[in-house]
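A short worksheet on the structure shown next.
All of the numbers you see were taken from the coordinates with simple rules; none came from a lab. What you see is a predicted model, and the numbers here were worked out from it, not measured in a lab. Neighbour counts run over all protein chains shown; Cβ positions are idealised from the backbone, glycine included.
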Ligand SMILES: [Zn+2]
Ligand SMILES: [Zn+2]
């Protein structure tokens, strides 16, 4: 079992073609692949079902997050009581401003697969966590991308699972070890465990 996975999609991201109908909160609860689980469905699908989403996740001990696609969505997302935010930070002024607004919320903010989004880590607020993403990190020269920033940020691993067989950190653990990264435990225990 891995320590923490806060980047997981479920059927609440129903419009994402990578999602399989089997990827339900029920199944993720049964598989229990991580000690601390957070669900981070795509923000654009969540406002109409937010209360159901949050209650469903919390009742299972899952933390309630979301993944925000653009800076334009940040102000609305900040109005809903998510436990944490995951953010696509593209290489544009408006998108770095979105990262700053999220960081100012005081809630944990994870910059997802930053290399795949072209984010310049020199422009990302250092209070954000930087993800080593199991789905994408192997696609580029992550040693060159992450190495200049190892002392500037805290890091987390994320599966970015859209399907049951993606619920793992196999490559992310390998990449983090090569980089000398010790991932940060953002939440000490399941939601509601008092940790
Ligand atoms: Zn993403
Ligand atoms: Zn994702």
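With contacts defined as alpha carbon pairs under 8 Å and 6 or more residues apart, what's the relative contact order of the stretch 70-137 in percent? Numbers along the way, then the final one.
Details: 103 pairs, mean separation 22.0, N = 68.
Rounded, it is 32 percent for the stretch 70-137.
Cα convex hull of the chain: how many Å³ per residue?
On the way: hull volume 21.7 nm³, N = 195.
So the per-residue hull volume is 111 Å³.
If R₀ is 25 angstrom, what is the calculated FRET efficiency for the pair residue 188 and residue 126, using the beta carbon separation as r and rounding to 0.05?
Values: r = 22 Å, r/R0 = 0.89.
E between residue 188 and residue 126, to the nearest 0.05, is 0.65.
Within 10 Å, count the other beta carbons around each residue, average over each peptide in 26-32, 53-59, and list them highest first.
Details: 26-32: 13.7, 53-59: 17.3.
My ranking of the peptides, most packed first, is 53-59, 26-32.
Got a sec? How would 94, 105 order by Cβ neighbour count within 10 Å, fewest to most? All intermediate terms of the calculation are to be shown ahead of the outcome.
Values: 94 11, 105 14.
Starting with the residue having the fewest Cβ neighbours, the order is 94, 105.
In deg cm²/dmol and to the nearest 500, what is the mean residue ellipticity at 222 nm of the chain if only DSSP H runs of at least 4 residues count, each as -39500 (n - 2.57), divided by the residue total?
Numbers: 7 runs with 53 residues, N = 195.
Computed ellipticity for the chain at 222 nm equals -7000 deg cm²/dmol.
Please compute the length gained on full extension between residue 35 and residue 97, using 0.36 nm multiplied by the number of residues separating them and subtracting their Cα-Cα distance.
On the way: separation 62, 0.36 × 62 = 22.32 nm, distance 3.30 nm.
Length gained between residue 35 and residue 97: 19.0 nm.
Ranked by Cβ crowding within 10 angstrom, fewest neighbours first, how are 107, 139 ordered? Show your work: numbers first, answer last.
Numbers: 107 14, 139 11.
Result, fewest neighbours first: 139, 107.
Please report 143, 117 as a ranked list, fewest other C-beta atoms within 10 angstrom at the top and most at the bottom.
On the way: 143 10, 117 15.
Lowest count first: 143, 117.
Let me have the relative contact order for the chain, percent, based on Cα pairs under 8 Å that are six or more residues apart. List each step's numbers first, then the result.
On the way: 375 pairs, mean separation 42.3, N = 195.
About 22 percent, as a whole number.
Among 36-42, 19-25, 188-194, how do they line up from the highest to the lowest mean number of other beta-carbon atoms within 10 Å? Before the final figure, lay out the partial values.
Details: 36-42: 24.6, 19-25: 15.7, 188-194: 12.7.
Descending mean neighbour count gives 36-42, 19-25, 188-194.
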